[in-house]
Amino acid sequence: MLAHDTTIVLDITGWQDNFKAEEKKHTASANVHILSDKFEIPQLGRQRRVWIYLPADYEASQRKYPVIYMQDGQNLFDAYTSGYGEWGVDEIMDKLPAKDRCIIVGVDHGGEHRLSEYDPYDTKYGKGEGSEYADFLVKKLKPYIDEHYRTKKDPRNTTVAGSSMGGLISMYAILKYPGVFGNAGVFSPSFWLPPAIYDYAKQQPLRKYTRIYFVCGDSESDSMVADMQKMAGLVRAKGVSDQNSPELIVKGAQHNEKQWNDDFPAFYKWLNAKSGSR
């Protein structure tokens, strides 16, 4: 029995963890391919890995397909390359009827360059390179995809999408190039970082067929919901209908790939709706 405060020091000479670390495994489906490990981004003087998902019937058919250009490519298809889990976009697409599938192009983020490449504006985190990155998508990557694959090239069948900073740059891209991207998937966008994006949204014209899907969780940050609603309001002020600019706020959802995996099917159903732009 201890009669007063006592310090006990244990010297463990052979500490051992008998639990093996979980081994990461490749999970990309057979329909996912690496387009290039070193695709040139001439606007930024860099190279980047680019992924492409081709519908299972691509080789056997002569169809042309809509295309979605997505950011953070290493997190879309393969758990092995993802930092915090994958979206599982390929598995979602594989379960759809062949007639409803599309081509998805994923561009890896630039690691230490991610914040600057996905931000069009200079901030305390560095010089904004988002304008150049959007130029890359439109002037380099899309022309290459259209030349080498059977795509529907028009804006109504061309979508840009991403989450967090990827959501920010996707919003910027459709604002800068509304005649190229007819649709955008804006997941949990980081509008808090550059407030100037709101001024840009006020200035830029949108086409009558523009469609933008906004979605976030109510447990992501204190400002996430309000920031997203503010942008959706600016889009509607330009004449975009509620149907073409839905905003979904998911109760209890947090800022992670699991949530975006949950969000993607509803987004794609909306994108592919017969009443929409396809």
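The values are calculated or read from the model by the stated rules, or taken from the named source; none is laboratory data. Remember, it's a predicted structure, so these values are computed and weren't measured experimentally. Backbone-built Cβ (ideal geometry, glycine too); neighbour counts: all protein chains shown.
I want to confirm something. Restricting to segment 65-104 and keeping residues that are in contact with an Asp or Glu (Cβ under 8 Å, 6 or more places away or on another chain) and part of a helix (DSSP H, G or I), which single residue is farthest from ASP263 (Cα to Cα)? Only one residue fits best here, namely ALA98. Checked against the criterion of being assigned to a loop (DSSP other than H, G, I, E, B) and modelled with pLDDT under 95, the candidates SER241, SER219 yield just one match: SER219. ARG156 meets each of the listed conditions (1) touching a Gly at 6+ places or on another chain (Cβ under 9 Å); (2) closer than 30 Å to ALA56 by Cβ; (3) buried (at least 20 other Cβ atoms within 10 Å of the Cβ) apart from (3).
Conditions tested, residue by residue: (1) assigned to a loop (DSSP other than H, G, I, E, B); (2) among the aliphatic types (A, V, I, L, M).
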| residue | (1), (2) |
| --- | --- |
| ILE197 | no, yes |
| TYR200 | no, no |
| ILE212 | no, yes |
| LYS230 | no, no |
| SER245 | yes, no |
| GLY252 | yes, no |
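In segment 181-192, the residues that are under 10 Å from SER170 (Cα atoms) form Cβ pairs under 6 Å with partners that are of a type in the set (S, T, N, Q) and in a strand (DSSP E or B), at six or more places apart or across chains, as follows: PHE181/THR158; ASN183/THR159; PHE187/SER163. Taking residues in segment 53-65 that are closer than 20 Å to GLY88 by Cβ, and partners anywhere that are of a type in the set (Gly, Ala, Ser), the pairs with Cβ atoms closer than 7 Å and at least 6 places apart or on different chains are PRO55/ALA98; ALA56/ALA98. Restricted to segment 91-114, and to residues there that are hydrophobic (A, V, I, L, M, F, W, C) and within 14 Å of the chain's Cα centre (by Cα), the residue that is farthest from TYR149 (Cα to Cα) is VAL107. Restricting attention to segment 171-195 and to residues that are of a type outside the set (A, V, I, L, M) and assigned to a helix (DSSP H, G or I), the residue that is nearest to the chain's Cα centre (by Cα) turns out to be TYR172.
The set of residues in segment 232-256 being touching a helix residue (DSSP H, G or I) at 6+ places or on another chain (Cβ under 6 Å) and either buried (at least 21 other Cβ atoms within 10 Å of the Cβ) or charged (D, E, K, R) (or both) consists of SER245, GLU247, ALA253.
Each row is one residue, and each column tells you yes or no for (1) in contact with a Leu (Cβ under 9 Å, 6 or more places away or on another chain); (2) at pLDDT below 95; (3) not aromatic (Phe, Trp, Tyr).
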| residue | (1), (2), (3) |
| --- | --- |
| MET70 | yes, no, yes |
| ALA79 | no, yes, yes |
| PRO97 | no, yes, yes |
| ASP108 | no, no, yes |
| GLU147 | no, no, yes |
| THR151 | no, no, yes |
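The residues listed here are LEU168, LEU206, LEU137, LEU141; of these, the one that is touching a strand residue (DSSP E or B) at 6+ places or on another chain (Cβ under 9 Å), assigned to a helix (DSSP H, G or I) and free of Cβ contacts under 8 Å to residues at least 60 places away in the same chain is LEU168.
The listed residues are TYR125, TYR84, TYR80, and the only one of them that is in contact with a His (Cβ under 6 Å, 6 or more places away or on another chain) and surrounded by fewer than 17 Cβ atoms within 10 Å (Cβ to Cβ) turns out to be TYR80. Tallying residues that are in a loop (DSSP other than H, G, I, E, B) and hydroxyl-bearing (Ser, Thr, Tyr) within segment 43-64 yields 2. Can you tell me which residue among ARG101, ARG150 is surrounded by fewer than 22 Cβ atoms within 10 Å (Cβ to Cβ), touching a residue at least 24 places away in the same chain (Cβ under 8 Å) and more than 28 Å from TYR198 (Cβ to Cβ)? Just a single option satisfies the conditions, and that option is ARG150. Does segment 144-153 contain at least one residue that is in contact with a helix residue (DSSP H, G or I) (Cβ under 6 Å, 6 or more places away or on another chain) and closer than 22 Å to ASN244 by Cα? Scanning segment 144-153, I find at least one residue that is in contact with a helix residue (DSSP H, G or I) (Cβ under 6 Å, 6 or more places away or on another chain) and closer than 22 Å to ASN244 by Cα, so the answer is yes.
Only a single item in (1) farther than 24 Å from ASN75 by Cβ; (2) modelled with pLDDT of 95 or more is not met by ILE212, and it is number (1).
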